[in-house]
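Scroll down for the structure; my scribbles are underneath it.
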Amino acid sequence: MREFDLREQTVRDLNAQLHSHHGSDAGDQYRVSHPNGAHAVAAGIDAPLKVDIDGHVGYYCAGMNKHASVRISGTAGSGLAENIMSGTVHLRGNASQYAAASGHGGLVVIEGDASARCGISMKGVDIVVGGSVGHMAAFMAQAGNLVICGDAGHHLGDSIYEARLFVRGSVASLGADCVEKEMTDQHREMLRKLLERAGIDADPDEFRRYGSARNLYHFNIDHADAY
Amino acid sequence: MCGIVGLFIKRPALEARLGALLAPMLVEMSERGPDSAGIAIYRDPVAEGNTKLTVLATQLAAGESYDWRALTAALRAAFGGIAALAEYDNHAVIRLPAPAADCVAWFNREHPELLLTSSGGVIETFKDVGLPAAVLARYGIAGMGGSHALGHTRMATESAVTIAGSHPFSTGDDLCLVHNGSLSNHNDLRRSLQRRGVQFRTENDSEVAAGYLGWRLREGDSLKQALEHGIRDMDGFYTFAVGSRDGFAVLRDPIGCKPAVMAETDDWVAMSSEFRAIATLPGADDARIWEPEPGVIYNWERG
């Protein structure tokens with residue numbers, strides 16, 4: 001276990017140390033204290049490290065994460081786990097805008113609420129939010145799963161491609177081309193496993209599923225004259 | 001980009017430290033706005049029927065200082081012997097035994113070379129170009145007590161980097177506005193307000209927002225109603241913090257383009273563009289922290 005106190009050391013020191021590990025280095029553990037809202041804490045890791053951050057982080061925490069498991073005890077500013085590739089980012093508190101935006105893979109868990117644009121342009125990441133999300137969640141989402149245990153704000157899944165959205169509470173409004181879809185046993189089983197992986201206690205039977213009506217991004221022969 | 005901070009003291013024993021608590025918050029927002037900074041601080045109320053003004057000498061050459069002594073003599077001649085003036089470099093805080101409207105009219109008539117940055121019974125504003133730390137030091141903000149304060153760090157996008165274009169902007173007696181964002185319909189709105197008699201000193205979009213709110217308040221709106229009308233009439237990106245005699249209000253545009261975070265403990269309520277400014281406050285680690293929702297007006301007032 002290596003300790004970093006961000007009152008004494010800089011984020012640059014921390015990230016340089018974390019970046020000194022490469023894909024195959026395994027198992028090293030780090031504890032980071034007093035982040036005090038600093039930006040880009042533990043961004044760009046490319047190794048199966050375990051990083052525990054004790055406190056509140058600023059923008060882009062654990063951005064571009066690959067392989068690592070990053071846990072944050074407090075709240076996070078904009079862009080938590082932005083463009084995550086793999087690994088796990090687990091936040092105890094609330095996240096600000098565009099959490100897990102454009103994430104390609106891995107798992108992002110937000111125990112509290114996420115604000116606007118959670119999972120915007122997600123490309124394969126799994127996101128589990130214990131609370132509610134703000135407006136424009138999963139905007140242009142392409143692949144992956146977004147699980148919302150609370151409520152979803154306006155325009156959920158606007159212009160969505162193929163991601164799956166699960167919501168336990170209410171949906172303020174659906175975005176363009178996003179529709180409610182049948183929740184099959186297969187979906188319930190997948191959701192159960194995902195909630196279990198996230199460590200979030202919720203009953204899959206209480207969720208509804210939303211996804212793409214596939215009208216926006218498929219060529220319609222009736223519109224051929226428009227071109 | 002710009003930075004905003006606001007601090008409202010709940011525990012009276014902390015009021016003496018208001019400036020000392022606000023200063024590190026503002027410095028933490030330096031990267032968001034390194035070209036100018038400003039502070040509105042609410043302290044030392046004047047007696048009923050009296051007025052407190054802040055005036056700013058904007059046209060000084062380097063090394064030149066304004067003749068505040070001559071101004072003090074002129075004020076005493078016009079308003080009587082108890083007129084008082086406290087110098088803060090290129091700013092002065094003036095106390096006069098007359099209603100605000102009369103004081104403002106006198107300054108506009110007699111001293112058009114001075115920029116009147118605030119009027120009321122409690123508010124004082126200080127602003128200048130330069131790094132936040134330098135602006136804070138120049139006016140001794142860290143040594144000031146008070147009930148609540150707002151601060152702004154500016155990275156100009158819509159207009160020139162000048163002392164007059166710095167925030168806060170006055171919107172009425174004891175009211176001021178700081179803004180992070182940019183308004184896209186400010187030219188149109190400025191023309192329409194000018195037709196209604198609102199005067200502007202700069203090409204700044206935030207001054208238009210301040211002028212708009214001031215106009216709504218004169219039309220009889222409460223601050224909340226004025227902000228509600230603002231959501232309808234102002235187009236663009238904004239997080240506004242509006243200081244009033246008894247507290248402050250926060251509003252983000254309905255799309256939520258610009259950041260804001262709030263925190264509260266038993267001792268204080270704070271808002272900022274980013275949490276790292278709030279992290280400088282005592283007890284921040286255990287504060288209740290949340291993000292204000294877009295298009296929702298949040299208001300704190302002394303009970």
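Couple of notes before you dig in:
- The sole residue among B:V122, B:V104, B:V135 that is of a type in the set (V, I, T) and at pLDDT below 95 is B:V104.
- Among the residues of the stretch B:283-298, at least one is without any contact (Cβ under 8 Å) to a residue 24 or more places away in the chain, in a loop (DSSP other than H, G, I, E, B) and within 14 Å of another protein chain (Cβ to nearest Cβ).
- From the options B:S166, B:S159, B:S170, residue that is touching a residue at least 12 places away in the same chain (Cβ under 8 Å), of a type in the set (S, T, N, Q) and part of a strand (DSSP E or B): B:S170
- All of B:L53, B:L26, B:L21, B:L7 fail the test of being under 15 Å from B:H152 (Cα atoms) and either modelled with pLDDT under 95 or in a strand (DSSP E or B) (or both), apart from B:L7.
- Lone unmet requirement of (1) assigned to a loop (DSSP other than H, G, I, E, B); (2) buried (at least 16 other Cβ atoms within 10 Å of the Cβ) for A:E8: (2)
- Residue list for the stretch B:36-50, restricted to those being modelled with pLDDT under 95 and touching a strand residue (DSSP E or B) at 6+ places or on another chain (Cβ under 7 Å): none
- If you go through the stretch A:114-145 and keep only what is on the phi > 0 side of the Ramachandran plot, within 14 Å of another protein chain (Cβ to nearest Cβ) and of a type outside the set (K, R), you end up with just A:M136.
- Subset of the stretch A:214-227 (residues that are part of a helix (DSSP H, G or I) and either surrounded by 10 or more Cβ atoms within 10 Å (Cβ to Cβ) or among the charged types (D, E, K, R) (or both)): A:D222, A:D225
- Residue list for the stretch B:152-188, restricted to those being over 22 Å from B:Y42 (Cβ atoms) and crowded, with 22+ Cβ neighbours inside 10 Å: B:G165, B:G181, B:L183, B:H186
- Reported count of residues in the stretch A:112-150, each being under 11 Å from the mean Cα position of the chain (by Cα) and acidic (D, E), is 1.
Here is a yes/no grid of residues against (1) out of contact with any Asp or Glu (no Cβ under 9 Å at 6 or more places or on another chain); (2) surrounded by fewer than 23 Cβ atoms within 10 Å (Cβ to Cβ):
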| position | (1), (2) |
| --- | --- |
| A:A16 | yes, yes |
| A:H22 | no, yes |
| A:Q29 | no, yes |
| A:H34 | no, yes |
| A:A38 | yes, no |
| A:V41 | yes, no |
| A:P48 | no, yes |
| A:I53 | yes, no |
| A:H56 | no, no |
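- Residue match in the stretch B:64-82 (condition: farther than 30 Å from B:E274 by Cβ, in contact with a helix residue (DSSP H, G or I) (Cβ under 9 Å, 6 or more places away or on another chain), surrounded by fewer than 16 Cβ atoms within 10 Å (Cβ to Cβ) and among the β-branched types (V, I, T)): yes
- The listed residue being outside any strand (DSSP E or B), in contact with a Leu (Cβ under 8 Å, 6 or more places away or on another chain) and touching a residue at least 60 places away in the same chain (Cβ under 8 Å), out of B:L189, B:L227: B:L227
- Options A:G150, A:G119; residue that is surrounded by fewer than 20 Cβ atoms within 10 Å (Cβ to Cβ) and more than 30 Å from A:M1 (Cβ to Cβ): A:G150
- Selection within the stretch B:253-282 - outside any loop (DSSP other than H, G, I, E, B) and either at pLDDT below 95 or at the interface with chain A (Cβ under 10 Å from one of its Cβ atoms) (or both): B:V261, B:A263, B:S272, B:F275, B:R276, B:A277, B:I278
- The one condition from (1) on the phi < 0 side of the Ramachandran plot; (2) surrounded by fewer than 21 Cβ atoms within 10 Å (Cβ to Cβ); (3) not in a helix (DSSP H, G or I) that B:D44 does not meet is (1).
- For the stretch A:59-76, filtered to residues that are of a type in the set (G, A, S) and buried (at least 24 other Cβ atoms within 10 Å of the Cβ), the residue that is farthest from the other protein chains (Cβ to nearest Cβ) is A:A68.
- Residues of the stretch A:41-62 satisfying the condition of being more than 16 Å from the chain's Cα centre (by Cα) and not in a loop (DSSP other than H, G, I, E, B): A:D46, A:K50, A:V51, A:D52, A:I53, A:D54
- Within the stretch A:79-96, the set of residues being within 14 Å of chain B (Cβ to nearest Cβ) and buried (at least 23 other Cβ atoms within 10 Å of the Cβ) comprises A:G79, A:L80, A:L91, A:N94, A:A95, A:S96.
The values are calculated or read from the model by the stated rules, or taken from the named source; none is laboratory data. Computed from a predicted structure; not experimentally measured. Using ideal geometry, Cβ is built from the backbone for each residue, glycine included, and neighbour counts are taken over all protein chains shown.
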